[in-house]
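A short write-up of the structure that comes next.
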Amino acid sequence: MLKYWLGFNRVPGIGPKKLRALLDIFGDVRAAWGASAEQLKQAGLDRRSLNNLVDARKKLDLDAEVQRLHASGVRVLTWEDPDYPARLLEIPAPPPVLFVRGELSPQDDWGVAVVGTRRATTYGREAARRLVEDLARAGVTIVSGLARGIDGVAHRTALEVGGRTLAVMGSGLDMVYPPEHRKLARQILEQGAWISEQPLGAKPEARNFPARNRIISGLSRGVLVVEGRWSSGAIITAKFALEQGRDVFAVPGSILSPASEGPNRLLKEGAIPALSANDILEALNFTQIDQHLQARQILPDDPVEAELMSLLSREPRHIDEIRRDIDLPIQEVSSALTLMELKGLVRQVGGMHYVVAREPAPVYHVNSDDGR
């Protein structure tokens, strides 16, 4: 199946929403790839996308694509892969394909994005360094974009204190950009990973970066903006974060500094001031990361948890309503929900109302006879 995911990833005009629609109609990615032009037209695919798909099927050697990836050491995660980051899968248009070099970790579920201007001031660099030091030491994975300026400071600082960091790139993973960050990128592989939705060979073109920013915020529980103009990529990332239901934090700066225009406006519009790492840790309930990780490792799923997951969704439900549906004593339900909250499976959203925190990746009738 993998090769068909790779094929769709190279078809211009077929993004997450169109691919999701095709999978809903045809059942799996192989059937969608092999559908006739008339079937695709009846499925609602527009003429441009249809022509691009037909052209791609003629030109692409999908088996060669798979072999190239295996030879490069790059791992591919798709929507159907259980290792696909659950938090990213929650966003409105998650990338159907993720290319990964390095290792992802359960700890990465507690990620904070740190973004800012490429032309960082001395104040911005120092603020980023102080905040990231304390976040990384608390067990937070630092997510950023490997760009010059604040991004570079964030990655380096996390590495210096022994923390984890993820670099989300706007190019293929065989092209590190900017070139002066090649050494930093190699160091990141020792304590984190590179991530991209772009196939191997994709150049770091300007059009790739806004889409890259939605992945940065999507992988994170919150986004910290250190410096940046209101029109900057950092602010684009913050806006994606708001659309995705993530918290946005901003470092206040001088009203005389153009670099602080973005964070100051975010604060005016309701962002959370980040005066210390504790402001972020407390707002995100990150004060017990070690306990959460241990709970995931030592507390196995059981039938009660499975049934509770089937009763929960994104819509808040009160514990009394849940208890009536599962027909168990309230003490047992409460205990199970508490353990599930430690595992990161559910969240209490106030007043003993619970929602599912992460859901399993969708499965599209996976066959294992080719491409994997």
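None of the figures in this text is laboratory data; all of them are computed from the coordinates on show. For clarity, every value in this text was computed on a predicted model and none was experimentally measured. Quick reminder, even Gly has a Cβ in these numbers, built from the backbone with ideal geometry, and neighbours come from all protein chains shown.
Could you work out how far the C-alpha centroid of region 81-107 sits from that of region 184-243, in angstrom?
14
May I have the pair-distance distribution P(r) for the chain, computed from all Cα-Cα distances with 10 Å bins from 0 and rounded to whole percent?
Taking every Cα pair in the chain, the percentages come to 5, 23, 29, 25, 15, 3, 0.
Which cross-chain or sequence-distant (5 or more) residues have an amide H under 5 Å from the amide H of G253, H modelled 1.01 Å from N in plane?
Those qualifying (amide H under 5 Å, at least 5 residues apart or on another chain) are N264.
Given K18/K203; K203/K239; K18/K41; K3/K59, which pairs have Cα atoms separated by over 22 Å?
K18/K203; K203/K239
Whose amide H sits under 5 Å from the amide H of T141, counting only residues 5 or more places off or on another chain, with H placed in the peptide plane?
Residues meeting the criterion, in which the H sits 1.01 Å from N, are W110, G111, V112.
For T122, what is the net charge nearby, where nearby means another residue's Cβ is under 13 Å from its Cβ and Lys, Arg count +1, Asp, Glu -1?
Taking every other residue near T122 into account, the sum is +2.
Share of antiparallel DSSP beta bridges in the chain, in percent to the nearest 5?
Approximately 40 percent, going by the DSSP bridge assignments.
Is the C-alpha gyration tensor of region 299-356 telling us rounded, prolate or oblate? Criteria: a/c under 1.5 is rounded; beyond that, a/b larger than b/c is prolate, otherwise oblate.
Because its axes are fairly even, with a/c under 1.5, region 299-356 counts as rounded.
Among R118, R156, R182, determine the one that fluctuates most according to a GNM of the chain built with springs between C-alpha atoms less than 10 Å apart.
Among R118, R156, R182, the largest GNM mean-square fluctuation belongs to R182.
May I ask you to compute the full-extension gain from S231 to I319, defined as 0.36 nm times their residue separation minus their alpha-carbon distance, rounded to one decimal in nm?
Once the chain is fully extended between S231 and I319, it gains 27.3 nm.
Quick one: what are the phi-derived ³J(HN,Hα) couplings along region 131-138, Karplus 6.51/-1.76/1.60 with θ = phi - 60°, whole Hz, x for glycine and proline?
So the J values, rounded to whole Hz, are 5, 5, 3, 6, 5, 5, 5, 7.
Under a crude label model (7 Å from the Cα following the beta-carbon direction), how far is E307 from Q42 in nanometres?
4.4
Using θ = phi - 60° and the Karplus form 6.51 cos²θ - 1.76 cosθ + 1.60, what ³J(HN,Hα) does each residue of region 47-53 get, whole Hz, x for Gly and Pro?
4, 4, 5, 4, 4, 5, 5
Sequence gap at least 6, Cα distance under 8 Å: using those rules, report the relative contact order of the chain to the nearest whole percent.
With pairs under 8 Å counted, the relative contact order is 16 percent.
Starting from the 7 Å offset along Cα-to-Cβ, what nm value, one decimal, do you get for the label separation of D55 and A21?
2.0
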